[in-house]
Structure formats: structure tokens, C-alpha cells
Amino acid sequence: MMSAKDPTPSIDPFSLELDLEQGLLPEPENRIVRRASDMRGYYADEAALERLIAEAGDPIHYEVFEVPVPEEAGQLMYCISTLRPGRVGDECFMTKGHYHTVAETAEIYLCLRGEGYMLMKTSAGRCAWERMARGRMVYVPPCWAHRSANTSDGEPLVSFCVYPAHAGHNYGDIQCEGFPRRILKRGGEVVFAGSASPGPAVTS
Ligand SMILES: [Fe+2]
């Protein structure tokens, strides 16, 4: 039990320097890499994804750098997420998206570089999106699944993220449900297209 008089001994105060431009932690303990082949089942145009894997050498989609803190209530986990630019067909490169395992936990994304959107949904089918650009912060409330998409034509989408350390990641539910919208780029314009499959009907 933590108290102001008797703080938990599991971690001491610390500080570090971030590379805000490149989106790097100096010495991340964890580096999570998602390649195009990890994204099978997420994009509408599966043939375009297979061409990308075969012809572009299975390129990196996104990376997450983190120096973990204890996964216990009261702590704050943080990371830097770097999502590469690109398209699968006309669908913007995106992250898998997830709910938190402890669903009643929020998250803050501070965008450091690039442009894109945070796409969010609830299990009841509500859907929302917020623009991401350098200096913009997105607040993801508890119980909202979230996925980011890079809409730029050549720049990574870099964000600093903070969330309760005991939140955990639930990828399975959103993999089954899908998001009600897909973020496309057609003729230079961002399009929020309805998603026929998988996922429920669009309600907002
Ligand atoms: Fe999250």
C-alpha cells in the first residue's frame, strides 16, 4: 500500500531525455516492432497488403519504445509510438488498435510530429476521431478502443503516450469487432469510409 509517508520502494524517481524529432527514447528497454505481415486481417485490401509484404520487404509499420515502470495501480506507463507513412491500397498505415484490459483506464497522446488521426470506438458502437498534428493532444477516455492512422505523404506520426501502468492491452476484442470507419486517402483528401467488414454498423 502506497502512502505519501511510505512510498512504494518498487521504483525511484528518475528523468530522461527524449528525442522529440525522431521519436526515440534514448535507451528503451522494450522496442515493439510491427511489420506489414503483422497487420494481416486489419486492412480492407488484403491483396495490396500481400503485395507490400512481397515487394517492399515486409516494411516496418510502427514501433513502440518504452522504458517500463511497474505495472501496478498508481504508476504511469509511457512510451513513444512511431507510425510510418504509407498506404495499403488507399487505406492509411495504422496501428492495430486496442482496448485496455482494465477498460476503465484513459490515455493521453501528445503528438510530436507528423499528421494523422486517432480513431476511437466503444463496444456499443459509438465512433469518434480526433486530428493529430505536432502539439495536439488527444484524450482517450476510459472504455474507448483506440487506433492511430498516419495520413501524411512521407512523414512518420510520432506520439508520446501516457496511461495507467496497470491498464494492459486487449487486442483480441477489437480484432473481432473492427472499427466502424476506415481512414483512406484519395486524391490527396482524407476520407472516413464506412467499414463493411469486420465490425458493427456505423452508428455515429
Ligand atoms: Fe492504449
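All of the numbers you see were taken from the coordinates with simple rules; none came from a lab. Small disclaimer: the values here were computed from a predicted structure and weren't measured. Note that we place each Cβ from the backbone using ideal geometry, even for glycine, and neighbour counts take in every protein chain shown.
Which order do Met120, Met137 fall in if you start with the one that has the fewest other Cβ atoms within 10 Å?
So the ranking, lowest neighbour count to highest, is Met137, Met120.
In region 171-186, which residues have a backbone nitrogen under 18 Å from the label point lying 7 Å from Arg51's Cα in the Cα-to-Cβ direction?
184-186
Which listed residue (Gln22, Tyr139, Thr82) has the Cα farthest towards the positive end of the charge dipole for the chain, taking +1 on Lys and Arg C-beta and -1 on Asp and Glu C-beta about the Cα centre?
It is Tyr139.
What ranking do 88-97, 55-64 get when scored by the average of other Cβ atoms within 10 Å per residue, highest first?
Order by mean packing, descending: 88-97, 55-64.
Given the peptides 67-75, 106-114, arrange them by the average over their residues of other C-beta atoms within 10 Å, most packed first.
106-114, 67-75
Considering the dipole of the chain built from charges on the beta carbon (Lys and Arg +1, Asp and Glu -1) around the Cα centre, which of Phe192, Tyr42, Gly97 is farthest to its positive end?
Highest projection toward the positive end goes to Phe192.
Please give the calculated 222 nm ellipticity per residue for the chain, where each DSSP H segment of at least 4 residues contributes -39500 (n - 2.57) and the sum is spread over every residue; nearest 500 deg cm²/dmol?
It comes out at -2000 deg cm²/dmol, rounded to the nearest 500.
Please state the shape class of region 72-204: rounded when a/c is under 1.5, otherwise prolate if a/b exceeds b/c and oblate if not, all from the C-alpha gyration tensor.
The shape class here is oblate.
For His169 and Thr101 in one chain, what is 0.36 nm times their gap in residues minus the Cα-Cα distance, to one decimal in nm?
Full-extension gain reported as 24.0 nm.
Estimate the FRET efficiency between Glu155 and Val190 by the formula 1/(1 + (r/R0)^6), using the beta-carbon distance for r and 22 Å for R0, to the nearest 0.05.
With R0 = 22 Å, the Cβ-Cβ based efficiency is 0.90.
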